[in-house]
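One structure is given below, encoded as structure tokens.
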């Protein structure tokens, strides 16, 4: 791999870290991260999760929430200040603390 591609990959990773650390994220996942034929680095898909208790610092992030992409049971619980954790079968946990 050429040094230009390595530098671009490092820039992408540092950008993901900056996004993680400045937005109270709990997870940043890039999958896949690809190298194109002309040595560009592209994140084809990215997913981020945020600390619900810190959204007041970044209210614009709360506006990006797409409830249609969430499990309806988890959304129902979250809208009421709870966390729902599905288990096998008809069993799940509902908790009122951080997961």
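The values are calculated or read from the model by the stated rules, or taken from the named source; none is laboratory data. Source: prediction; values computed, not measured. Using ideal geometry, Cβ is built from the backbone for each residue, glycine included, and neighbour counts are taken over all protein chains shown.
For the range 19-48, filtering for residues that are at pLDDT below 90 and out of contact with any helix residue (DSSP H, G or I) (no Cβ under 8 Å at 6 or more places or on another chain) leaves 2.
Yes or no: residue 70 at negative phi and over 14 Å from the mean Cα position of the chain (by Cα)? When the stated conditions are applied, residue 70 does not pass them. When the range 55-64 is filtered for residues that are over 27 Å from residue 86 (Cα atoms) and in contact (Cβ under 8 Å) with a residue 24 or more places away in the chain, the ones remaining, listed by number, are 57, 58.
Criterion first (within 18 Å of the chain's Cα centre (by Cα), without any contact (Cβ under 8 Å) to a residue 60 or more places away in the chain and either within 25 Å of residue 21 (Cα to Cα) or not assigned by TED's automatic domain parsing to the domain that holds residue 24 (or both)) does residue 93 satisfy it? No; evaluated as a whole, the condition is false for this residue. Residue 74 meets the conditions (1) out of contact with any helix residue (DSSP H, G or I) (no Cβ under 9 Å at 6 or more places or on another chain); (2) outside any loop (DSSP other than H, G, I, E, B); (3) loosely packed, with under 14 Cβ neighbours inside 10 Å in every case but one. The failed one is (3). Residue count for the range 24-64 under the criterion of being closer than 13 Å to residue 8 by Cβ and surrounded by 11 or more Cβ atoms within 10 Å (Cβ to Cβ): the result is 7.
Looking at residue 67, is it touching a residue at least 12 places away in the same chain (Cβ under 8 Å) and under 22 Å from residue 92 (Cβ atoms)? For residue 67, the condition - touching a residue at least 12 places away in the same chain (Cβ under 8 Å) and under 22 Å from residue 92 (Cβ atoms) - is not met.
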